[in-house]
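**Student:** Following this message is one structure expressed as structure tokens.
Every read-out reported here was derived from the displayed coordinates using simple, explicitly stated rules and does not represent laboratory data. Small disclaimer: the values here were computed from a predicted structure and weren't measured. Virtual Cβ from ideal backbone geometry, glycine too; neighbours counted across all protein chains shown.
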Amino acid sequence: MNKLSMLLGSALLVGLASCNKSEFDGFTKAENGLHYQFFTQDEAGVKAAEGDGVTMSILYSLKHQNKDSVLFDSRLNSDDGTGVVRYILPKSSFSGSLEDAIKMMAKNDSAAFIISADSFFLKTNRMHELPPFAKPGDKLQITIKMVEIKSKKELDENQKKQQDEMAKMAEGEKPLLDAYLATNKITTAPTASGLIFIETQKGKGKDHPKANDEVRVNYTGKLLDGTVFDSSIEADAKSANIYNPQRPYEPIKFVLEQGQVIKGWDEAIQLMTKGSKAKIIIPSNLGYGPRGGGPIPPYSTLVFDVELVDYKAGVAQ
């Protein structure tokens, strides 16, 4: 079971009204059954609310009489290596839940909470049965450092801003391509998909690789402004200051029409013969699209200088 999905279940709070003495040393018990202990607290700070985006470091353990068992620690297990998790708060999954605990916190607060383990697994995470290490009546201790809280309004505004920026980038792709073609005096008509294929060196023979053939290709990839973002050729990588001593500089090997490369490559390589070279201009719908990738911005038309070094027929069936 994914530990992060165990952690990030569902929900938010009702109010935590009156407090009672907790059976756990150093903790206070809220009316909803949640036990809490703050280490740092901004009592006047804006608390997290349903629909907000929270960023936090979090550790949760199953409480035992002698020694607690750590189940998840974001400092060691975060997906992106930042040591934090990001979470959009929904409604509370049960009274005294993790979501209720988060709702008590403001930015920079740190606190520990004790909640029902079986309710957490069965209600927050909607598991059909308890995991083998937990039993009814068990408690979880959850320690949280609240790093950031973004209100639902802020999240919506950020999303709208990103959508507007993406729309501008999408609208700007064709004018940038048109300018590149005009500057470089390229008049080659695109294929039906929008790919522009310009052969720069004839190959040997008349046969072309086809779907399921394994090909070996040398390449250098550029953005329309001439920025080199990748190359299989050591001299080109060094010239562009992107040389990586950890990678081999040799033709890459892949099978056509198997989803191993971008669509523009699958189409272009099948237009080549062994030993031929070409310049291929790939619009974003045949490349990395609206997401981009690494040094490639969203909606980027790409230019590749490629060489079909060799190919083997029918490697994949």
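**Student:** Which one of Ile144, Tyr243, Ile58 is farthest out on the positive end of the charge dipole of the chain, using unit charges on Cβ (Lys, Arg +1; Asp, Glu -1) and the Cα centre as origin?
**Tutor:** Tyr243
**Student:** Asp73 to Phe39: extension gain in nm, 0.36 nm per residue of separation minus the Cα-Cα distance?
**Tutor:** Computed gain between Asp73 and Phe39 is 10.4 nm.
**Student:** Where the only charges are on Cβ atoms (+1 Lys, Arg; -1 Asp, Glu), what is the dipole of the chain about its Cα centre, to the nearest 20 debye?
**Tutor:** Computed charge dipole of the chain: roughly 340 debye.
**Student:** Could I ask something else about it? Take each of the peptides 88-94, 23-29, 256-262, average the number of other beta-carbon atoms within 10 Å over its residues, and list them starting from the highest.
**Tutor:** 88-94, 256-262, 23-29
**Student:** Using the Kirkwood radius over C-alpha pairs as Rh, can you work out the diffusion coefficient of the stretch 3-151 via Stokes-Einstein at 20 °C, viscosity 1.002 mPa s, in µm² per second?
**Tutor:** 141 µm²/s
**Student:** If I take all pairs of Cα atoms in the stretch 168-317, what percentage of them are more than 19 Å from each other?
**Tutor:** The share of Cα pairs beyond 19 Å in the stretch 168-317 comes to 54 percent.
**Student:** How many lysine pairs are close in the stretch 183-312, with Cα atoms under 13 Å apart and the two 8 or more places apart or on different chains?
**Tutor:** 11
**Student:** Also, quick follow-up: Remind me, relative contact order of the chain in percent, using alpha carbon pairs under 8 angstrom and six or more residues apart?
**Tutor:** 16 percent
**Student:** Sticking with this one: In the stretch 202-274, what chymotrypsin sites (Phe, Trp or Tyr not before Pro) fall in a loop by DSSP, with at most 13 other Cβ atoms inside 10 Å?
**Tutor:** Qualifying residues, ordered by number: none.
**Student:** Using only alpha carbon pairs under 8 Å that are at least six residues apart, calculate the relative contact order of the stretch 183-312 and give it in whole percent.
**Tutor:** Once divided by the residue count of the stretch 183-312, the mean separation gives 35 percent.
**Student:** Expressed as a whole number of Å, what is the distance separating the alpha-carbon centroids of the stretch 153-208 and the stretch 209-230?
**Tutor:** Using only Cα atoms to place each centre, the spacing works out to 15 Å.
**Student:** Computed FRET efficiency, Cβ-Cβ of Met166 and Glu199, R0 35 Å: what is it to the nearest 0.05?
**Tutor:** 0.55
**Student:** Grab the DSSP H runs of the chain that are 4 residues or longer, score each as -39,500 (n - 2.57), total them, divide by all residues and round the 222 nm result to the nearest 500 deg cm²/dmol.
**Tutor:** Value at 222 nm, helices only, nearest 500: -5500 deg cm²/dmol.
**Student:** Here is a follow-up. Rounded, prolate or oblate: which fits the stretch 148-226, taking a ≥ b ≥ c as square roots of the Cα gyration tensor eigenvalues, rounded meaning a/c under 1.5, else prolate when a/b beats b/c?
**Tutor:** prolate
**Student:** With no solvent and one point per C-alpha, what does the Debye sum give as log10 I(q)/I(0) for the stretch 234-311 at q = 0.19 Å⁻¹?
**Tutor:** -1.00
**Student:** At 10 °C and 1.306 mPa s, what whole-number value in µm²/s does Stokes-Einstein give for the translational diffusion of the stretch 86-208, with Rh from the Kirkwood sum over Cα pairs?
**Tutor:** D, rounded to a whole number, is 77 µm²/s.
**Student:** OK, next. Can you give me the P(r) profile for the chain? Cα pairs, bins 10 angstrom wide beginning at 0, each as a whole percent.
**Tutor:** 5, 20, 20, 13, 15, 16, 8, 2, 0
**Student:** Please give the peptides 296-309, 32-45 ranked by average Cβ packing (other Cβ atoms within 10 Å per residue), highest first, as a rough proxy for protection.
**Tutor:** The most tightly packed comes first, giving 296-309, 32-45.
**Student:** Between Leu271 and Gln159, what is the label-to-label distance in nm when each label sits 7 Å out along the Cα-to-Cβ direction?
**Tutor:** If labels sit at Leu271 and Gln159, their model points lie 4.0 nm apart.
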